[in-house]
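Just below is one structure, and these are the notes that go with it.
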Amino acid sequence: MMLSETFKRVKAASKSLVFLTDDRRNEVLQALANAIENHIDCLLAANTIDLSCMDKANPMYDRLQLTPQRLHAIANDMRHVSQLPSPLGRTLKEKTLDNGLHLRRVSTPFGVIGMIYEARPNVTFDVFSLCFKSGNACILKGGKDADESNRAGVALIHNVLKAYNINPSVVELLPASHEATEELLTAVGFVDLCIPRGSKRLIDFVRNTAKVPVIETGAGVVHCYFDEAGDLTMGRDIITNAKCRRCSVCNALDTLLVHRNRLQDLPQLCSQLAEKGVKLHADSEAYHVLEGHYPSQLLALVTADIWHTEWLSMQMGIKTVSSIEEALDHISTYGSGHSESIVTEDIEKQHQFQTMVDAACVYVNAPTSFTDGGQFGLGAEIGISTQKLGARGPMALEEITTYKWLIEGRGQVRS
C-alpha cells in the first residue's frame, strides 16, 4: 500500500489553514454541527452496518454504537469548541535582551496530526473539530470495526468544507488496514505528530513502530482506594459511577482497594454494583465478606494475578490493603498513569495520596469518570495522555499546538 500521495495532499492542504481567520473556523464548525444533526439518519445507517458485524457482548460494542443522543452530544461538543478562544498566535513568553533584540514565543499549529483509533466513531468528529480549530490538518486511521461510520463522518465533513471553499484534504481517512497504520507511523516529513488512542496492544505497537513523534493516550488501569476514614455513602456512589457510567471507556474503574478495617462495609459499598450486574473478582478476604451478600453468579475468587487488567466491561477487581501505603504501592505497581481516586475524610491522607500518586489525574472524593476534556471545560478531547513529556491528561486545543520564537532586531550582530 502506497499512501504517499494522500500524505502529500494533506501536507499541502495544511498550509492553507494558516490563512483562515478564527471566525471562519468557528463558522465552519458550527455548520458541521448543524450538518451532523441534519444527517442523523445517514450516520446511524452507516453505524448500523458496523454494529451488525460485532457481538453485542463485546465490550467494544458500546464504544462503537452511535445514537441520536450521542450525535446531538457530538454536535454540541463541536459548538463548544467553536466558542473557545483560539489557541493560535498567543504570546507565551516575551522579553527584550540587553542588546535590544526583542523575543516572543508564539503558539502555532503542529501542522499535520495523525490519529489512530479503534471502535470509536465519535473520535472522527472530535479530532477534526480540535485540529481544525487549532489550525492543524489531520490524517485519521480508524479501526475496521467502525469503518462505515468513520467514512460517513468524513464524507459529511468534506461536504461542509467544500461548501466553504476549503480544501477537503485538511482531513483524510486512511484504509482500515494494518498496513495503513504502519505507513502513517513512518510518514517522516509528512506527519508532525501521531496520537494513538486505544488498547494497550495498539499503544505498544505504535511505540515500537513509529518513526514520527508520538504522544501516547488511551489505556488506563484505574483504581479507587476506599480508606479507613472514607464516607460510606459517598464511597458507594463514587465507586458505582466510576465503574458503571460507561464501563468501556478508559477512565472506568478497574480495581477497588479497600482498607482492611472497612471490609465489613464492603457489601454496602458494592450494593449498587450488584443491581447493575457487575462481576467482582475479589481477593480471599473480600470474597469471604461478600459471600452471601452479593449474587454468587457475579462473585469470583481471584486465583491469578488479574491486577494489570483493564476490564472495559462490567467486571472489576477488589483487593484488601492494610494501609494507604499499601494502596499506594499497589497503584505504583499496577497503575498506568491515567486516573486514580481516594475516598477519605482524613485531610492528611488526601494530601499524601495527591502527592504520592503518579498519574495524569488524581481525585479526592470524586469518581475517575470526570477524566474527560469536555468535563474539564476543554471542549472535546483528542485523547488522554498518560505520559509525562509534553501533554499530560485530557488533550484539547492547547495540547495540540506548539510554538516558535519570533526575534526582531535593528541590525544587531553577534560578537
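The values are calculated or read from the model by the stated rules, or taken from the named source; none is laboratory data. Since we're looking at a predicted model, the values are computed, not measured. Note: ideal-geometry Cβ built from the backbone for every residue, glycine included; neighbour counts use all protein chains shown. The accessibility values were calculated without ligands, DNA or RNA, using every heavy atom of the protein model including side chains. Shrake-Rupley method; radii C 1.70, N 1.55, O 1.52, S 1.80 Å.
General observations
- Remark on region 286-362: Rg and Dmax equal 14.3, 39 Å (Cα only).
- Viscosity 1.567 mPa s, 4 °C: Kirkwood-radius Stokes-Einstein D of region 354-415 over Cα pairs, µm²/s: 89 µm²/s
- Amide H to amide H distances under 5 Å link G383 with M395, where only residues 5 or more positions off or on other chains count and H is placed in the peptide plane.
- Rule-of-thumb Rg ratio for region 177-305 [Cα; 2.2 N^0.38 Å; N residues]: 1.43
- Across every pair of non-identical alpha carbons in the chain, the mean reciprocal distance, once inverted, gives a Kirkwood radius of 23.0 Å.
- Rotationally averaged projected area of region 1-98 (alpha carbon convex hull; nm²): 11.5 nm²
- For region 289-415, the alpha-carbon radius of gyration amounts to 1.55 times the rule-of-thumb value 2.2 N^0.38 Å expected for a compact globular protein.
- For the chain, the relative contact order is 18 percent, taking Cα pairs closer than 8 Å that sit 6 or more residues apart in sequence and dividing their mean separation by the residue count.
- Considering only the chain, percent of DSSP beta bridges that pair antiparallel, nearest 5: 30 percent
- Quick note on region 57-117: its Rg to Rh ratio, both from C-alpha atoms and Rh being the Kirkwood radius, is 1.28.
- Here is the P(r) of region 114-256: all C-alpha pair distances, binned every 10 Å from 0, give 11, 34, 28, 16, 9, 2, 0 in whole percents.
- Gap separating the Cα centres of region 115-148 and region 233-264, nearest whole Å: 31 Å
- Amide H contacts of Y403 (H built 1.01 Å from N, under 5 Å, at least 5 apart or other chain): T108
- The relative contact order of region 78-144, computed from alpha carbon pairs under 8 Å that lie at least 6 residues apart in sequence, is 34 percent.
- Theoretical FRET efficiency, 1/(1+(r/R0)^6), r = Cβ-Cβ of R414 and M54, R0 60 Å, to 0.05: 0.45
- For the residue pairs K95/K388; K11/K93; K93/K388; K141/K162; K8/K162; K15/K404, the alpha carbons lie more than 24 Å apart in K95/K388; K11/K93.
- Counting only protein heavy atoms and a 1.4 Å probe, the chain has 44 square angstrom of accessible area per residue.
- With q set to 0.17, 0.20, 0.25 Å⁻¹, the log10 of I(q)/I(0) for region 77-156, from the Debye formula over equal scatterers at the Cα positions, is -0.74, -0.90, -1.15.
- Whole-percent carbon and sulfur share, accessible surface of the chain, 1.4 Å: 49 percent
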